[in-house]
2 protein chains.
Amino acid sequence: MENKGISKAVIKRLPRYYRYLGELMNEGVERISSHDLSERMHVTASQIRQDLNHFGGFGQQGYGYNVAYLYEEIAKILGIDQKHNIIIIGAGNLGQAIANYTNFEKRGFIIKGMFDVNPRLVGMTIRGIPVYALEELEEIIRREEVQIAALTIPKMRAEEVAEKLVAYGIRAIWNFAHTDLHLPDDVVVENVHLSESLMRLSYKLVHMDSVSGEMLL
Amino acid sequence: MENKGISKAVIKRLPRYYRYLGELMNEGVERISSHDLSERMHVTASQIRQDLNHFGGFGQQGYGYNVAYLYEEIAKILGIDQKHNIIIIGAGNLGQAIANYTNFEKRGFIIKGMFDVNPRLVGMTIRGIPVYALEELEEIIRREEVQIAALTIPKMRAEEVAEKLVAYGIRAIWNFAHTDLHLPDDVVVENVHLSESLMRLSYKLVHMDSVSGEMLL
């Protein structure tokens, strides 16, 4: 898995390439030129060449990229060529939305359980996924060898619960709580701050006229 | 509203500043130095000075930023000093999660309705917000002067519904569908692609050891 020399910005774009390559595979496309991919993805062909030439799998000029090869190489870089066990903390609407999203499993993210403090939810199953009490966190994490936790609880309790998760062995937190977590350096966090996303949309809306077609963000 | 010369990168960080400034106000803090803000936000003081000096409202060296002033200035830039009417397309778990999130209203985003094709959901209310049939889309958008639509439906129907929304007067789409929308230049889109976010987390997890403490993304 060679990722030396691949910049942050490229890594950030890889999931989008992965999505388009997956769609091409579904359509039975075996090779695609940077030009055709550029038209689909609405980015420049030169950007695509710069990004994807890190991965090899491209033939002579005019021959195009090998779709399946690139798809697999990107999966390796993203770590989705292997399975990851995941739990969801919070079985409210957002937690249930994640549990119901079957695409995650296709990408190798296996949801092993959900956790909630609400006794009415504990004991239920959602799409076959059991909802446990928070007291069972340590046992399930260790038994199911869970690495990743999605945190969909209010921000007041997020830091405290995150610290417990880390103590029980979680290495990666997908944080939907509207706060920044301060955790040890060997724990990775990916934030999904919906309020901030909505504010960025509002910014674009208000400044649309001054943006003249091209998005600022 | 002066935003000439403020870079994309700064704009992208503004919602996070806004959140921290809001927390400071709640704590009754009137002024804060770039040093203290830097410790809270885990970014460098020099980054903060570079970002916030666009907005004025800072006093002499050592005197610190006026929290309330900065908070208001950033709200103006983000367009959240005014109200925006919003609808949610899709009354499933994700749509309901958004509807239940009261913070959006505090920021001026007023949810005027939800829409779904499921007859079991139509006619319900969620936290007082009515669920309408998709057929009522045009009428509600026009009557309630809705500018923003959150799109929480499967990707197969996303483009088609987005085109309708635009035809009925929507100017901004908050897109949770796992696809890129291709819409006229005068419509703004903010994507929340959860699968891609989870893949970025997976990347960080798999490459954590080579990242030595500091996050790559």
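Could you tell me how many of the residues in the range A:63-114 are among the acidic types (Asp, Glu) and either in contact with a Pro (Cβ under 8 Å, 6 or more places away or on another chain) or facing another protein chain (nearest Cβ under 8 Å) (or both)?
Here the count works out to 0.
B:Asp185 passes all but one of (1) buried (at least 17 other Cβ atoms within 10 Å of the Cβ); (2) within 19 Å of A:Lys204 (Cβ to Cβ); (3) touching a Ser or Thr at 6+ places or on another chain (Cβ under 9 Å); which number fails?
Evaluating B:Asp185 over (1) buried (at least 17 other Cβ atoms within 10 Å of the Cβ); (2) within 19 Å of A:Lys204 (Cβ to Cβ); (3) touching a Ser or Thr at 6+ places or on another chain (Cβ under 9 Å) leaves (1) as the failure.
I'd like to check something: does the range A:52-65 contain any residue that is touching a Ser or Thr at 6+ places or on another chain (Cβ under 6 Å), in a loop (DSSP other than H, G, I, E, B), in contact (Cβ under 8 Å) with a residue 60 or more places away in the chain and open to solvent by less than 40 Å² (accessible area, probe 1.4 Å)?
No: zero hits.
Tell me which residues, restricted to the range A:177-212, are touching a strand residue (DSSP E or B) at 6+ places or on another chain (Cβ under 6 Å) and in a loop (DSSP other than H, G, I, E, B).
A:Ala177, A:Leu181
With the structure loaded, tell me whether A:Leu181 is within 13 Å of chain B (Cβ to nearest Cβ) and either more than 20 Å from B:Leu198 (Cβ to Cβ) or polar (S, T, N, Q) (or both) or whether it fails that test.
no
Restrict the check to the range B:118-133 and report whether at least one residue is touching a His at 6+ places or on another chain (Cβ under 9 Å) and open to solvent by 10 Å² or more (accessible area, probe 1.4 Å).
no
Pick out, from the range A:94-168, the helices (runs of 4 or more DSSP H) lying fully within it that include 2 or more residues that are in contact (Cβ under 8 Å) with a residue 24 or more places away in the chain.
A:137-143, A:155-167
I need the full set of residues from the range B:23-47 which are touching a residue at least 24 places away in the same chain (Cβ under 8 Å) and either more than 10 Å from chain A (Cβ to nearest Cβ) or touching a strand residue (DSSP E or B) at 6+ places or on another chain (Cβ under 6 Å) (or both), in order please.
Let us first name the residues in the range B:23-47 that are touching a residue at least 24 places away in the same chain (Cβ under 8 Å), namely B:24-25, B:29-34, B:36-37, B:41.
Within the range B:23-47, B:Leu24, B:Met25, B:Val29, B:Glu30, B:Arg31, B:Ile32, B:Ser33, B:Ser34, B:Asp36, B:Leu37 qualify.
Could you check B:Glu144 against (1) surrounded by fewer than 22 Cβ atoms within 10 Å (Cβ to Cβ); (2) in contact with a Phe, Trp or Tyr (Cβ under 8 Å, 6 or more places away or on another chain) and say which number it fails?
Failing condition for B:Glu144: (2).
The values are calculated or read from the model by the stated rules, or taken from the named source; none is laboratory data. Small disclaimer: the values here were computed from a predicted structure and weren't measured. With ideal geometry, Cβ positions are generated from the backbone for all residues, glycine too; neighbour counts draw on all protein chains shown. Areas reflect the complete protein model, heavy atoms only, side chains present, ligands, DNA and RNA absent. Shrake-Rupley method; radii C 1.70, N 1.55, O 1.52, S 1.80 Å.
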